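Encoded as structure tokens, the structure appears first; notes follow it.
The values are calculated or read from the model by the stated rules, or taken from the named source; none is laboratory data. Note that the coordinates shown come from a computational prediction; the quantities given were computed from them, not determined experimentally. Here the Cβ positions follow ideal geometry from the backbone for every residue, glycine too, while neighbour counts run over all protein chains shown. Ligands, DNA and RNA are excluded from the accessible area calculation, which covers all protein heavy atoms including side chains. Shrake-Rupley method; radii C 1.70, N 1.55, O 1.52, S 1.80 Å.
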Amino acid sequence: MDEVYFTAGRTPGLVTAQDGTRIPYERYGDGGGPPVILVGGGERVLAGLLARRFPVVVYERRDGAGPVEREIGDLALLVDAVGGAAAVHGTASGGGLALAAAAAGVPVGAVSVYEPPYAAEAADGLGRVLARVLVLDGGSSPAGTRRAARTVAAAVPRGRHRTLTGQTHEVAPHVLAPVLEEFLGEFLDETAGFTGFAG
């Protein structure tokens, strides 16, 4: 069923971490401009929708829990592999990783996150995020989840918040995609000189 969205080309790639771990990724679309990296392999339907306008990269995070610094390093390698600049989107813990990477200085110009798992006391370090950030939640999600989203949006210097009416934590890709297109389009306007993927 998901294959219906993959009208654009799909190209496999691979990066190798310092510890030798091989991290596969897939690139969708063949348009110009910086790519959008989707954190987590479960985002392929969303990738297909966004690839109609942007180059999109999807990768699988490592199996099992590990230090966040290692995952930040993996994402930094991927950004470098696809040209040295990117936008990043993540849902739940993937959104938390995207924000942590931006706070650590990984060169991401725009970050969008859907219901990242932050409590108020964990949001202090987000003041180091220099990227433009869009924080989303679902209008039918629990009140605590929505409060956390607003907390994150308030904690980042260039943050904004938006609620998707009628959505839960399992957000519908066809609802999410146009919102991300609008937000990421602003980022592309700022980086119009980008020439595409490296190598």
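Checking each residue in region 34-90 for being open to solvent by 10 Å² or more (accessible area, probe 1.4 Å), of a type in the set (Val, Ile, Thr) and touching a residue at least 60 places away in the same chain (Cβ under 8 Å) picks out only 45. Condition check for residue 147 on (1) of a type outside the set (Val, Ile, Thr); (2) in contact with a Phe, Trp or Tyr (Cβ under 7 Å, 6 or more places away or on another chain); (3) open to solvent by 30 Å² or more (accessible area, probe 1.4 Å): one failure, at (2).
The set of residues in region 29-54 that are at pLDDT below 90 and not in a loop (DSSP other than H, G, I, E, B) comprises 41, 42, 43, 44. In the condition set (1) in contact (Cβ under 8 Å) with a residue 12 or more places away in the chain; (2) not in a strand (DSSP E or B), residue 26 is compliant with all but (2). For residue 65, the criteria (1) modelled with pLDDT under 85; (2) closer than 22 Å to residue 181 by Cα; (3) of a type in the set (A, V, I, L, M) hold in every case but one, which is (2).
Scanning region 74-108 for residues that are under 11 Å from the mean Cα position of the chain (by Cα) and either within 14 Å of residue 130 (Cβ to Cβ) or not in a helix (DSSP H, G or I) (or both) yields a total of 12.
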